[in-house]
Amino acid sequence: QRQKWTKERQTYLITHQIIHSGVKPYSCDLCGKSFTLPQTLKTHQLIHSGVKPYSCDLCGKSFAQAGGLKTHQLIHSGFKAYSCDFCGKSFVQAGSLKTHQLIHSGVKPYSCDLCGKSFTLAGELKTHQLIHSGVKPYSCDLCGKSFTRAGHLKRHQLIHIGVKPYSCDLCGKSFSQAGHLKTHQLIHSGVKPYRCDLCGKSFTLAGHLKTHQLMHSGVKSYSCDLCGKSFTQAGGLKTHQLIHSGFKPYSCDLCGKSFTQAGGLKKHQRIHSGFKPYICELCGKSFKRAQNLKTHQLIHSGVKPYICDLCGKSFTQAGGLKKHQLIHSGVKPYICDLCGKSFTRAGDLKTHQIIHSGVKPYICELCGKSFAQSSNLQKHLVTHSGIKVYSCAKTFTSLSALCKHQPDHAGLKSLDHNESEERERSSSGFRVRLKNLEIRLHRVQMESPVKSVS
């Protein structure tokens, strides 16, 4: 018995020593992979046959080799005996730990011939190369989106089932993937290490900076097939295309208005809450949206870069110029259902419809007379001043009326110098009184906001 044990031990030793020699005489006819021992080749060939006789009793997963099943069963036990000395991460297998430790070494010996990107593992390079091939064999049955890897498809499918097991401890927001939660948590840290050299804006992630820099390049490679509008990012195009579909799944519980995007609904809901967190430091005016504040601040700068080619009038915003240009076009697409009067802008039609409603929210504090529009109240206040400042022999309450009248005097001499000075003094006094009235009118407007007409 002892002799038999000694002989077996010698056989194992001889077999083992072949490993160190590097000789692998047994090659697979199907894939060319070579092995030191014939039995190892035989076990390998089971992979090509597709036969997986070893099944896990707990989850049903099957394996070609008994060793594969044994290693897999350690996952269910939860026992991870191999820990990384650098970061403390633990693993079921020693091989997995060894592979992981290459990350800490920083060594990336496997480089892509097409783009130069390097990887720690040969498997990672192989997976990466599928990107260049364009092959995406794993497709989602629900939306048709395809992926390079099965793992990516599996993660994507969590979106459709609505499962979001990863929740943020700080704000409660949940995510389908652990990686998305990790990325989200950087927002709470406030750290934005990636800064744009052109405008100084900083970002939490390098990818966000890269996406932002496309705006400065002016490149908009993603175009809408329906209207031709182009976008810097594919996501921007995808969001835009929802407009053409007419699909608005996000509805407001208070007024029923629906939106294409969840962000649009969120911004809209601030109207109902009255919350205006964005305040102008110069005048104190507050806004519901940061963009509205930014637009408002251009008024204080005095910059009006948008100029009308037809009349030279300039505007702070491109939208203001666009609305103004409709005046020159003569197009009046907004028509009143009650009287047929048409308007260039939707806002002008809305203001006009107040007349038909009979609502007159603008009331004169001096005589109690009410008006449908604030401009009519402003004109009315001039009559209380008692001064008809624009005068010759005839007097006028408004400057516009005087301007219409003045051509009649084209042949007359100018007024006497002393008389001109007297009228200038009267004019100055009137302006002060009118300004005071305007301030009072503004208070009335703030206290009695105009309600929209349905």
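The values are calculated or read from the model by the stated rules, or taken from the named source; none is laboratory data. Computed from a prediction, not measured in an experiment: that's the story for all the values here. For neighbour counting, all protein chains shown are included, and Cβ atoms are generated from backbone atoms with ideal geometry for every residue, glycine included.
Can you tell me which residue within the stretch 165-209, out of those that are out of contact with any helix residue (DSSP H, G or I) (no Cβ under 7 Å at 6 or more places or on another chain), of a type in the set (D, E, K, R) and more than 30 Å from L153 (Cα to Cα), is surrounded by the fewest Cβ atoms within 10 Å (Cβ to Cβ)? Only one residue fits best here, namely D197.
Among all positions in the stretch 118-133, there is at least one residue which is closer than 22 Å to Q233 by Cα, over 19 Å from the mean Cα position of the chain (by Cα) and free of Cβ contacts under 8 Å to residues at least 60 places away in the same chain. Filtering the stretch 314-366 to residues that are more than 23 Å from Q378 (Cα to Cα) and part of a helix (DSSP H, G or I) leaves A318, G319, G320, L321, K322, K323, H324, Q325, L326, I327, H328, S329. Each residue in the stretch 268-288 was checked for being modelled with pLDDT under 85, basic (K, R) and under 25 Å from S301 (Cβ atoms), and 2 of them qualify. Filtering the stretch 75-85 to residues that are surrounded by fewer than 11 Cβ atoms within 10 Å (Cβ to Cβ) and farther than 26 Å from C59 by Cα leaves only D85.
If G32 satisfies every condition in (1) over 23 Å from T148 (Cβ atoms); (2) in a helix (DSSP H, G or I) but one, which is the exception? Answer for G32: the failing condition is (2).
Does the stretch 86-98 hold any residues that are touching a residue at least 12 places away in the same chain (Cβ under 8 Å) and either under 38 Å from the mean Cα position of the chain (by Cα) or surrounded by fewer than 11 Cβ atoms within 10 Å (Cβ to Cβ) (or both), and which are they? Answer for the stretch 86-98, where residues must be touching a residue at least 12 places away in the same chain (Cβ under 8 Å) and either under 38 Å from the mean Cα position of the chain (by Cα) or surrounded by fewer than 11 Cβ atoms within 10 Å (Cβ to Cβ) (or both): F86, C87, A94. Considering (1) surrounded by 14 or more Cβ atoms within 10 Å (Cβ to Cβ); (2) more than 38 Å from the chain's Cα centre (by Cα); (3) under 25 Å from R149 (Cβ atoms), the lone condition that Y110 does not fulfil carries the number (2). Scanning the stretch 138-149 for residues that are under 28 Å from H100 (Cβ atoms) and either in contact with an Asp or Glu (Cβ under 9 Å, 6 or more places away or on another chain) or at pLDDT 85 or above (or both) yields Y138, F147. Screening Q101 on (1) surrounded by 11 or more Cβ atoms within 10 Å (Cβ to Cβ); (2) in a loop (DSSP other than H, G, I, E, B); (3) not hydrophobic (A, V, I, L, M, F, W, C) shows it passes everything except condition (2). Restricting S357, S400 to those that are among the small types (G, A, S), over 26 Å from H296 (Cα atoms) and modelled with pLDDT under 80 reduces the list to S400. Scanning the stretch 39-49 for any residue that is closer than 25 Å to V92 by Cβ and in a loop (DSSP other than H, G, I, E, B) turns up nothing.
Going by the conditions given, is L205 under 21 Å from the mean Cα position of the chain (by Cα) and in contact (Cβ under 8 Å) with a residue 12 or more places away in the chain? Spelling it out, L205 is indeed under 21 Å from the mean Cα position of the chain (by Cα) and in contact (Cβ under 8 Å) with a residue 12 or more places away in the chain. Selection of the stretch 300-315 for residues being surrounded by 14 or more Cβ atoms within 10 Å (Cβ to Cβ) and either touching a His at 6+ places or on another chain (Cβ under 8 Å) or modelled with pLDDT under 85 (or both) yields C308, K313, F315. Identify all residues within the stretch 271-319 that are small (G, A, S), within 27 Å of the chain's Cα centre (by Cα) and under 30 Å from L254 (Cβ atoms); write none if there are none. If the condition is that a residue be small (G, A, S), within 27 Å of the chain's Cα centre (by Cα) and under 30 Å from L254 (Cβ atoms), then S273, G274, S286, A290, G319 are the ones that fit. Among the conditions (1) polar (S, T, N, Q); (2) more than 18 Å from the chain's Cα centre (by Cα); (3) modelled with pLDDT under 85, T211 misses just one, which is (2). The residue list S27, S83 contains one member that is modelled with pLDDT of 85 or more, under 30 Å from S133 (Cβ atoms) and among the hydroxyl-bearing types (S, T, Y), which is S27.
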